[in-house]
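Novice: Have a look at the structure that comes next, please.
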């Protein structure tokens, strides 16, 4: 086997993955644009938002191996930043009278709100993470869940600033797919850049062998914290854009429902793989959409055919069980999509156990 | 010249003494052997020296500075590296990435770590394995990768925990030559824990023998070879049919 050509090659060897994933996302955006149907357009926007959330989750969970049930809290923080900074001051003053004056008067464009949401979420990820990242395994998972419950509880009760559990309406709605596409592509590239960075490498090593990583000089809580803050920022931006996609926020928009959909998409796609994060979303979202159409009824010639209501949830559950039965590490396992097909016959990695397959740094 | 020293180190697990009053010192370029029957406390001592286990009493000093309270990664950054029984490679990463992890762990950029890792693979003699996934390597190659990973950043001391376990005589010979080069060419102080007593006697300048957590003999190889106490310790423990106390100690250690 030949020696590696040069030191700057890690990026060059692996950039094909985010590029291919972005191409895939562009294809979805073009389909929405070409179809010109409003419901389909909204579906594709939802898919892009899910991509942002799941890629945000992957950035932390995939690299650290620590399952977080709390990341949707950062989406909540971002979503409310969008509400605070983009709703017309008049509407704000009646719904959320307790906002400080400078925030009350603020009216910034949606993309600036997304950046602000990312920054606000990253700040709180730093604060929470400084404590949480010392924990491992199930203790860390439970603690992240506690963080979600805390954020939800604060936002559901702080009447004067978050309007408590009532919907905060009047967030300018952005209906075109392009901003969401740009954000999804940016998050894919951010996640890729992190995973090939020195912190990403150290964190993956700590995921596989924490003891040996510590003996290699890796400060595990610190590298975890870097990933936590970056993933918090991605979730925060996603939360702000989510608010702009539907025009309103409530604390429960960002709670258990979103937590479990995004986590299951990550698990089905393959927790240790950026490609898995994106492909998991695309496959499951497309499936949900097809089942919705079938439930609504499809006209075939004279007659029309419709599945009974509720089949959507059942079929989705069955598909997820089947995928996890046959590919327990998810569709992509730990490997990345590099445009080459024969991933399964890698020399030296025999057998169907894809957990022993390489991560994105090889090929 | 550096020196790494354990002063009267004792470790107790729930009342069971795994180590009592053990002294040990390694200097730059020196190869010190640490031998003893199963459950003698050898790995516990390495854990204490590398920050994985706090000493109940006594202290570890690097050039006179106490290392107490430092976390494992901080001890590594001060130049004390170790390997583990069974390798503990990052199995999903390529061999070269395994070495790079230490580089970035010590604060290098990824490019610098990659450059050093390539040079190190050459030095250890496993350059052709660079792109192999670590989890797919045969046992003896795993050991070399683990040593290469520990040598990144040129540590002052290297603690090897049973590097020759499961090796053939020829493979153990190659390993001896590598350990000599680590001490000679790099000037690294080596602490060698090994069950292969022949290898230790042939390689080390100084040997410490532990039994049941206590030092029973120290000295140059010739003195160890001649020692009645050492012979008794090894003969007395014929395989694993040892005192129940020792086996309990082993479990705690693992």
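The values are calculated or read from the model by the stated rules, or taken from the named source; none is laboratory data. From a predicted model like this one, the values you see are computed outputs, not experimental measurements. Please note: Cβ atoms are built from the backbone with ideal geometry, for glycine as well, and neighbour counts cover all protein chains shown.
Novice: Quick check, is residue A:52 over 19 Å from residue A:181 (Cβ atoms), crowded, with 18+ Cβ neighbours inside 10 Å and within 23 Å of the chain's Cα centre (by Cα)?
Specialist: For residue A:52, the condition - over 19 Å from residue A:181 (Cβ atoms), crowded, with 18+ Cβ neighbours inside 10 Å and within 23 Å of the chain's Cα centre (by Cα) - is not met.
Novice: To continue, here is another question. Got a number for residues in region A:171-198 being over 20 Å from the mean Cα position of the chain (by Cα) and either at the interface with chain B (Cβ under 10 Å from one of its Cβ atoms) or under 25 Å from residue B:147 (Cα atoms) (or both)?
Specialist: Final tally of qualifying residues: 1.
Novice: Name the helices (runs of 4 or more DSSP H) wholly inside region A:1-115 in which the number of residues that are away from every other protein chain (no Cβ under 14 Å) is 2 or more.
Specialist: A:16-35, A:38-64, A:72-86, A:89-95, A:101-104
Novice: Could you pull out every one of the helices (runs of 4 or more DSSP H) wholly within region A:176-252 that has 1 or more residues that are touching a residue at least 60 places away in the same chain (Cβ under 8 Å) and farther than 21 Å from residue B:153 by Cβ?
Specialist: On the way: elements: A:178-196, A:198-208, A:210-215, A:220-246.
Filter on region A:176-252 gives A:178-196, A:198-208, A:220-246.
Novice: Which count do you get for residues in region B:90-116 that are more than 7 Å from every other protein chain (Cβ to nearest Cβ), crowded, with 24+ Cβ neighbours inside 10 Å and either in contact with a strand residue (DSSP E or B) (Cβ under 7 Å, 6 or more places away or on another chain) or not in a helix (DSSP H, G or I) (or both)?
Specialist: Result for region B:90-116: 0.
Novice: Do you know which of the residues in region B:76-88 that are at the interface with another protein chain (Cβ under 7 Å from one of its Cβ atoms) and in a loop (DSSP other than H, G, I, E, B) is farthest from the chain's Cα centre (by Cα)?
Specialist: Restricting to residues being at the interface with another protein chain (Cβ under 7 Å from one of its Cβ atoms) and in a loop (DSSP other than H, G, I, E, B), the top hit is B:88.
So that you can scan it fast, the table gives a plain yes or no per residue for (1) surrounded by fewer than 24 Cβ atoms within 10 Å (Cβ to Cβ); (2) within 20 Å of residue B:163 (Cα to Cα):
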| position | (1), (2) |
| --- | --- |
| B:6 | yes, no |
| B:10 | yes, no |
| B:14 | yes, no |
| B:18 | no, no |
| B:38 | yes, yes |
| B:44 | no, yes |
| B:61 | yes, no |
| B:66 | yes, no |
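Let's see how each residue does on (1) surrounded by 15 or more Cβ atoms within 10 Å (Cβ to Cβ); (2) within 21 Å of residue A:85 (Cβ to Cβ); (3) in contact with a helix residue (DSSP H, G or I) (Cβ under 7 Å, 6 or more places away or on another chain); (4) modelled with pLDDT under 95:
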{"residue": "A:138", "(1), (2), (3), (4)": "no, no, no, yes"}
{"residue": "A:145", "(1), (2), (3), (4)": "yes, no, no, no"}
{"residue": "A:148", "(1), (2), (3), (4)": "yes, no, yes, no"}
{"residue": "A:156", "(1), (2), (3), (4)": "yes, yes, yes, no"}
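Residues are listed down the side, and each one gets a yes or a no for (1) within 14 Å of chain A (Cβ to nearest Cβ); (2) surrounded by fewer than 20 Cβ atoms within 10 Å (Cβ to Cβ):
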| residue | (1), (2) |
| --- | --- |
| B:133 | yes, no |
| B:136 | yes, yes |
| B:146 | yes, no |
| B:155 | yes, no |
| B:164 | no, no |
| B:167 | no, yes |
| B:184 | no, yes |
| B:190 | no, no |
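Novice: Could you list, in sequence order, all residues of region B:170-201 that are closer than 17 Å to residue B:218 by Cα and within 13 Å of the chain's Cα centre (by Cα)?
Specialist: Result: B:190, B:191, B:192, B:193, B:194, B:195, B:200.
Novice: With B:226, B:214 as the choices, which residue is more than 21 Å from the chain's Cα centre (by Cα) and at pLDDT 85 or above?
Specialist: Answer to the check: B:226.
Novice: If you scan region B:54-75, which residues turn out to be part of a strand (DSSP E or B) and facing chain A (nearest Cβ under 7 Å)?
Specialist: none
Novice: Quick test for you: out of A:238, A:269, A:247, A:232, pick the one residue that is more than 14 Å from chain B (Cβ to nearest Cβ) and surrounded by fewer than 22 Cβ atoms within 10 Å (Cβ to Cβ).
Specialist: A:247
Novice: Only one of (1) in contact (Cβ under 8 Å) with a residue 24 or more places away in the chain; (2) over 20 Å from the mean Cα position of the chain (by Cα); (3) surrounded by fewer than 17 Cβ atoms within 10 Å (Cβ to Cβ) fails for residue A:163. Which number is that?
Specialist: With respect to (1) in contact (Cβ under 8 Å) with a residue 24 or more places away in the chain; (2) over 20 Å from the mean Cα position of the chain (by Cα); (3) surrounded by fewer than 17 Cβ atoms within 10 Å (Cβ to Cβ), residue A:163 is out only on (3).
Novice: All but one of (1) surrounded by fewer than 22 Cβ atoms within 10 Å (Cβ to Cβ); (2) closer than 28 Å to residue B:36 by Cα; (3) away from chain A (no Cβ under 12 Å) hold for residue B:125; which doesn't?
Specialist: (2)
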